[in-house]
Structure formats: structure tokens, C-alpha cells
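The values are calculated or read from the model by the stated rules, or taken from the named source; none is laboratory data. It should be emphasised that the depicted structure is a prediction, and the values quoted were computed from it without experimental measurement. FYI the Cβ positions are ideal-geometry reconstructions off the backbone, even for glycines, and counts take in every protein chain you see. For the accessible areas, the whole protein counts, side chains as well, though only heavy atoms, and no ligand, DNA or RNA atoms are used. Shrake-Rupley method; radii C 1.70, N 1.55, O 1.52, S 1.80 Å.
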Amino acid sequence: MSPWFAKAIILVATIAMVVIPHGVHGRRSGEIKVVKSLKGPREVALLALVSLGFLLPIIWVVTPLLDFANYPLRPVPFIAGILCYAVGLWLLHRSHADLGANWSITLEVRERHELVTRGIYRSVRHPMYLALLLYSAGQALVVPNWVAGPSYGVAFVTLILFRIAREERMMLEEFGRDYEEYRARSKRLVPGVW
């Protein structure tokens, strides 16, 4: 298979990844005042790492800089990757739609922030992280390059490892008993499992 198939898919997926969070809900949340933020140097470094992981496939598409790490594109991983992309992007859209104006790219609480437990959030507390992990798996399978393929996954898993417990503590401080009850009836990342 030609790597141009992969390059076309990565461009479409990248555009979707930019449009979904910065659409209607992203603009609405940006208009609401932040009342609590945990955005410190570690959070900034993690977001920079994730941004780099997100940009490396674009660099692979438009330049020959990463060609040294290319390998042949195979149909089965390519198709599996497209499926991971599709499910991940759908779940990302669904997460944003359910969160509405409560979304933030970092650990923040805004005025009139509400605990969202409906829609996709009914069974999993962090569906957006799950969506981005699926997106990462799609990228690793679609991009036939040992550097650009797994870059977003490595960066995003690192972010989750440093952020998820901290985010849950912030939500517990903000919503108290309601969040405790929500944690008792939902899973952290994978519905029905964990």
C-alpha cells in the first residue's frame, strides 16, 4: 500500500481533531470565567508534549524529516487504525457535546460549572481520554513510521498518568458527595472494566 493513503487519513483525522474541541462547545466554554485552575508548569509541559505528539504526524506528512523511520504500510493495521480513528473521533465529539460549556483543555473549573453525568458520562468518567487513546491507537496503526506513528499515544499516556488522579481530586473537592456517588456508579476510563 502507498503511504499516501496514510497521509490522506492523517490529514482528515487531524482536521477533525482541531474542529471538534474548538467548535461550538469550545467557544462557549472559553467565554466563561475560570474560577479555579491547576494549570502549573507540569500541566504546561504535559500539554506541550501532547502537542508535539500531535504535530509529528503532520511533519511526517509534509516533510521528509522522519523518512528514516518509515516501514511498509500493511492493509490490516491500516483498516484497524481507520476504525480506531473513527470510534475515537465519534467519542470525542460525543464527549464534547455532553460536556457543553464545561469543557477545558486543562484542569479548570469555570463559573456555573456542573458535574456532567449524562450521556456518555453516565458509565465512564473520562470518555474524552478514552477517545484520545483510541485516536492514538489509530494513529499508531495508520502512520507507517516508528517515530510519528506512536508519538501521540506516548505523549497522551504520559499526560493521563500525571493528570487523571489530580483531575479526580479536583472534581471531588468541587462537587463533594455528588462526585463520590458518581465515582461509585461509573468507571474511570473503560466502561464496565476500570
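Across Leu132, Leu38, Leu107, mean-square fluctuation computed from a Gaussian network of the chain (C-alpha pairs under 10 Å connected) peaks at Leu38.
The apolar share of the surface of region 1-151, taken as the fraction of accessible area on carbon and sulfur atoms (1.4 Å probe, ligands and nucleic acids excluded), comes to 71 percent. With all protein chains kept in place, the per residue accessible area of the chain amounts to 52 square angstrom at a probe of 1.4 angstrom. Dividing the helix sum by the residues of the chain, where each DSSP H run of 4 or more adds -39500 (n - 2.57), gives a mean residue ellipticity at 222 nm of -22500 deg cm²/dmol. Fully extending the segment from Leu83 to Glu31, taken as 0.36 nm per residue of separation minus the present Cα-Cα distance, adds 15.3 nm. The angle separating the long axis of helix 3-19 from the principal Cα axis of greatest extent in the chain is about 20 degrees. Summing charges over neighbours of Gly40, with a neighbour being any other residue whose Cβ is under 13 Å away from its Cβ, gives +3 when K and R count +1 and D and E count -1. For region 62-147, dividing the convex hull volume of the Cα atoms by the residue count gives 122 Å³ per residue.
The order of the peptides 178-187, 163-172, 62-71 by mean Cβ neighbours within 10 Å, most packed first, is 163-172, 178-187, 62-71.
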